[in-house]
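Q: Here it is, the structure, as C-alpha cells.
The values are calculated or read from the model by the stated rules, or taken from the named source; none is laboratory data. Given the structure is predicted, the values throughout are model-derived calculations rather than measurements. In this analysis, Cβ positions are derived from the backbone assuming ideal geometry, glycine residues included, and neighbour counts consider all displayed protein chains. Just so you know, the surface numbers come from the protein's heavy atoms only, side chains and all, with ligands and any DNA or RNA stripped out. Shrake-Rupley method; radii C 1.70, N 1.55, O 1.52, S 1.80 Å.
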Amino acid sequence: MRYPLLVLFLLLAGCSQLSRALAIYTEDWPPLSFRNSQDTAAGMAVEVVQELQKRTGNRNVIQVQPWARAYHHLLSEPDVLLFTVGRNAEREGRMTLLGPVAISSTDVFALREQAQQLRDMGDVRRRLPTAAYRGSIFESSARAHGYNVTATTDPQHSAKMLLAGRVRLWAEGNIVVPQVLQRLGIADNAVERIATLESLALYLAFSKGTSRQQVLAWEQALRDMKRDGSFQAIHKRWFPLSAPPLEVLRVGLEP
C-alpha cells in the first residue's frame, strides 16, 4: 500500500499548489487595463486574464492598483500575478514572464505644433525635460536613451505636464496615448510622435516563489487561447488594426 499512498500524496500536493491563492494585480493603463464605471477591472488585457482565470479555475478578483504598489507586491511576495509588464533583462532576472499579450512601442511625443522643430533638433532634444510614468519601463527606457526625465505619477499626469508646457516631451507606450488623451478631453492629434525608442512586448508577470504548477497551468491556458482563436478575438475587439502576437513564451525565472 505504500506506493498507492505515495501517488495519492503527490497528486494532492500538486492540487494544493494549484489551489494556492494567486493575488492578481493590474494598473490603470487603458485600453489594456483600467477601472470602469462599475469600479471593476476592464480592458483588453483584463479580458484575456479573465478568460485564463476561467480555464485555470482562479476566482480571485483582479485588483486595480497604482503601478508602484502593484509592482512592489510582485517583487516582494510569492503567488502574485501582475499585468501587463514590459519585458527587459532586469525584469527577467526577478520574475517569470508569460506572453506576450500585446505589442507596444516606447515612443516620444511632443505637442503637434512643436513636433517638427523638435525632430529637427536631433539628439539635442534629449536634454529637454521629458515626462515619463515613474517606475515604468518607459521611464527606464527614456533614461537609457539619454533623455532628461521628469518622473510623474501616471500617464495622465505626464500628458497634463506636456499640454501645460511644463515639459517639452512625453515618453509613453504608443497604444495607450489615445485613451489617455481621451480621458482628458483632448483630441488625439494634439500630440505627435517624434521618435520611437524601442519595440515593447507586454507580458503577464509571476512573482518569485509562485508554484511551478500554477505558472505552467496558466501557460497551457494561454497556449490554448491562442490555438482556439479566443485570444485573437479579444485582441481584435480592442485593436482591430493591429496583428495579435501569436507566439507563447515563458522567460525569466524558472518557476
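Q: Criterion first (of a type outside the set (A, V, I, L, M, F, W, C), open to solvent by less than 20 Å² (accessible area, probe 1.4 Å), modelled with pLDDT under 95 and under 15 Å from the mean Cα position of the chain (by Cα)) does Ser207 satisfy it?
A: no
Matching residues to (1) modelled with pLDDT under 95; (2) closer than 21 Å to Ala190 by Cα:
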position: Val101; (1), (2): no, no
position: Ser104; (1), (2): yes, yes
position: Arg112; (1), (2): no, yes
position: Gly146; (1), (2): no, no
position: Leu162; (1), (2): no, yes
position: Gly165; (1), (2): no, yes
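Q: Which one of the conditions (1) in a strand (DSSP E or B); (2) open to solvent by 60 Å² or more (accessible area, probe 1.4 Å); (3) farther than 28 Å from Ser76 by Cα does Gln116 fail to meet, given that it meets all the rest?
A: If we test Gln116 against (1) in a strand (DSSP E or B); (2) open to solvent by 60 Å² or more (accessible area, probe 1.4 Å); (3) farther than 28 Å from Ser76 by Cα, just (1) comes out false.
Q: Can you tell me which condition Asp79 does not meet? The list is (1) touching a residue at least 24 places away in the same chain (Cβ under 8 Å); (2) over 22 Å from Gln213 (Cα atoms), and all the others hold.
A: Of (1) touching a residue at least 24 places away in the same chain (Cβ under 8 Å); (2) over 22 Å from Gln213 (Cα atoms), only one is false for Asp79: (2).
Q: Report, by residue number, each residue of the stretch 19-41 that is open to solvent by less than 20 Å² (accessible area, probe 1.4 Å), of a type in the set (A, V, I, L, M, F, W, C) and assigned to a strand (DSSP E or B).
A: Matches in the stretch 19-41: Ile24, Trp29, Ala41.
Q: Working carefully through the options Ile194, Ile175, Ile234, find the one that is within 19 Å of the chain's Cα centre (by Cα), β-branched (Val, Ile, Thr) and under 25 Å from Arg126 (Cβ atoms).
A: Ile175
Q: State all residues of the stretch 123-139 that are open to solvent by 20 Å² or more (accessible area, probe 1.4 Å) and either at pLDDT below 95 or charged (D, E, K, R) (or both); if no residue qualifies, say none.
A: Asp123, Arg125, Arg126, Arg127, Arg134, Gly135, Glu139
Q: Still on this structure: With over 21 Å from Glu247 (Cα atoms) and within 14 Å of the chain's Cα centre (by Cα) as the only criterion, which of Asp39, Asp79, Asp28, Asp107 stands out?
A: Checking each option against the conditions leaves just Asp28.
Q: Looking only at the stretch 179-204, how many residues end up being among the β-branched types (Val, Ile, Thr) and crowded, with 19+ Cβ neighbours inside 10 Å?
A: 3
Q: Which ones in the stretch 199-255 are under 13 Å from Ala102 (Cβ atoms) and assigned to a strand (DSSP E or B)?
A: Once the filter is applied, which keeps residues that are under 13 Å from Ala102 (Cβ atoms) and assigned to a strand (DSSP E or B), the stretch 199-255 yields Ser199, Leu200, Ala201, Leu202, Tyr203, Leu204.
Q: Which residue is nearest to Glu139 (Cα to Cα), if the candidates are limited to the stretch 58-101 and must be open to solvent by less than 50 Å² (accessible area, probe 1.4 Å) and assigned to a helix (DSSP H, G or I)?
A: Trp67
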